[in-house]
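The values are calculated or read from the model by the stated rules, or taken from the named source; none is laboratory data. None of the values given here were measured: they were computed from a predicted structure. Counting neighbours? That spans all protein chains shown, and the Cβs are built from the backbone with ideal geometry, glycine included. Note: accessible area is taken over every heavy atom of the protein model, side chains too, but ligands, DNA and RNA are not part of it. Shrake-Rupley method; radii C 1.70, N 1.55, O 1.52, S 1.80 Å.
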Amino acid sequence: MAKKTYDLLFKLLLIGDSGVGKTCILFRFSDDAFTTTFISTIGIDFKIKTIELRGKKIKLQIWDTAGQERFHTITTSYYRGAMGIMLVYDITNEKSFENIVKWLRNIDEHANEDVEKMILGNKCDMDDKRTVSMERGELIAKEHSIRFMETSAKSNINIERAFRELADAILYKTAGREPGDNVDRVMVDRKPTSSSTKSCCNH
Amino acid sequence: MPDCNVNFEAEIEEGQNKRSVKCKFCSSVILTPATAAIMNVEHSLPLIRQTKTTEENPDTETTSVFWAVKDMFTFQNVGFSNTVGNTKYLTCADCEAGPIGFHDIPTKMSFVALSRVSHGDPI
Ligand SMILES: Nc1nc2c(ncn2[C@@H]2O[C@H](COP(=O)(O)OP(=O)(O)OP(=O)(O)O)[C@@H](O)[C@H]2O)c(=O)[nH]1
Ligand SMILES: [Mg+2]
Ligand SMILES: [Zn+2]
């Protein structure tokens, strides 16, 4: 009945230590945002956003992940269907940066092997409290051949850009591998399982 | 605001949304034209602005005119809350204003309350 309103669907996950700002990145909530008590109390599970890249309409389904999770408890089911992962650390928190390596190992073990990754050094608005230099962020990203960006959910710096870049990388990868139509079907078919599992089991 | 204060008829064309469905607060586009079906269902929704802070007992109002969406990926931009009972509440993806409607998990149908959104041409 309803006509299809998009070309591709990318499922993205936000991963990282507790307190690094994953929920704020998803909420995007800077101080000007209209956050209601009711919604902020129950919390947001995921967002659907539509962007246009290279003439294609792309739906991003972006999932937050629960804070108490530690890398050793996150397994395959967590990553199911994920095509992109935002790996977040806090530039004022050394430990969260050191744990990036552990998160990367966990992703290698459990996620789809061609999942596209990106490292975000969040809270870059707090330069006075910084303990992790930008160079160290860039270096670790380079070592693992993944993208890197410093962001601030609070000041809304590079958040949109980061998601666009990650989506663009996925698009580039998928487009280079198979003819468009084919790729499209695979991704669209993948979505119902992932979304329904998450909705029922999450709470 | 009760539903009857607004003229919804003008927004319907062949049973669907004639224009874009947008956030009242930030104009983010929630649905593009002709992607949702008009439906009358009585459903109680927590108010966007709560006067009291009790989480278990939010102020609600009964809403009865909705845009029904079968496939969640029809939405242009939208947020899904964590699950409460059988539902997830819908919010604006850009400013988190909500609930603007709800998603029924068993049927996978989503409903956007006409009284909680604005209608207009996409910018
Ligand atoms: N200054 C600053 N503070 C931030 C930023 N992002 C998040 N915060 C703050 O960091 C704290 C934790 O943010 P959350 O988004 O809840 O962190 P999280 O990664 O979701 O944590 P868990 O849900 O426990 O995994 C909050 O107090 C935020 O206000 C940022 O960009 N700048
Ligand atoms: Mg969180
Ligand atoms: Zn809004």
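The residues listed here are A:Thr50, A:Thr37; of these, the one that is more than 15 Å from ligand 2 (Cβ to nearest atom), modelled with pLDDT of 90 or more, open to solvent by 10 Å² or more (accessible area, probe 1.4 Å) and of a type in the set (Val, Ile, Thr) is A:Thr50. Candidates in region B:71-100 are the residues that are within 16 Å of ligand 3 (Cβ to nearest atom) and in a strand (DSSP E or B); of these, the one that is farthest from B:Ser118 (Cα to Cα) is B:Ser81.
Does region A:194-202 contain any residue that is open to solvent by 30 Å² or more (accessible area, probe 1.4 Å) and at pLDDT 90 or above? There is no residue in region A:194-202 that is open to solvent by 30 Å² or more (accessible area, probe 1.4 Å) and at pLDDT 90 or above. In the set (1) within 12 Å of chain A (Cβ to nearest Cβ); (2) at pLDDT below 95; (3) closer than 22 Å to B:Arg19 by Cα; (4) surrounded by fewer than 23 Cβ atoms within 10 Å (Cβ to Cβ), B:Asn82 fails one condition alone, (3).
Might you let me know whether region B:69-92 holds any residue that is among the aliphatic types (A, V, I, L, M) and more than 24 Å from A:Leu26 (Cβ to Cβ)? So far as region B:69-92 goes, no, none of its residues is among the aliphatic types (A, V, I, L, M) and more than 24 Å from A:Leu26 (Cβ to Cβ).
Being over 19 Å from B:Ala37 (Cβ atoms) and more than 16 Å from ligand 1 (Cβ to nearest atom) is a property that does not hold for B:Val112. Every test in (1) among the β-branched types (Val, Ile, Thr); (2) at pLDDT 95 or above; (3) out of contact with any Ser or Thr (no Cβ under 7 Å at 6 or more places or on another chain) is passed by A:Ile107 save one, and that test is (2).
Of the residues B:Thr60, B:Thr35, B:Thr91, the single one that is within 10 Å of chain A (Cβ to nearest Cβ) and either among the hydrophobic types (A, V, I, L, M, F, W, C) or touching a residue at least 24 places away in the same chain (Cβ under 8 Å) (or both) is B:Thr35.
B:Ala68 fulfils the conditions (1) more than 7 Å from chain A (Cβ to nearest Cβ); (2) over 21 Å from B:Gly15 (Cβ atoms) except for a single criterion, (2).
Scanning region A:138-149 for residues that are open to solvent by 20 Å² or more (accessible area, probe 1.4 Å) and assigned to a strand (DSSP E or B) turns up A:Arg147, A:Phe148.
Here B:Arg116 passes the criteria (1) farther than 19 Å from B:Thr32 by Cβ; (2) out of contact with any Phe, Trp or Tyr (no Cβ under 6 Å at 6 or more places or on another chain); (3) touching a residue at least 12 places away in the same chain (Cβ under 8 Å) except the one numbered (1).
Let's see how each residue does on (1) away from ligand 2 (no atom under 16 Å from the Cβ); (2) touching a Gly at 6+ places or on another chain (Cβ under 8 Å):
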| residue | (1), (2) |
| --- | --- |
| A:Ile58 | yes, no |
| A:Ile85 | no, no |
| A:Glu98 | yes, no |
| A:Met118 | yes, yes |
| A:Cys124 | yes, no |
| A:Leu139 | yes, no |
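Only one of the numbered conditions (1) open to solvent by 50 Å² or more (accessible area, probe 1.4 Å); (2) under 15 Å from the mean Cα position of the chain (by Cα); (3) more than 8 Å from chain A (Cβ to nearest Cβ) is violated by B:Phe25, and that is (3).
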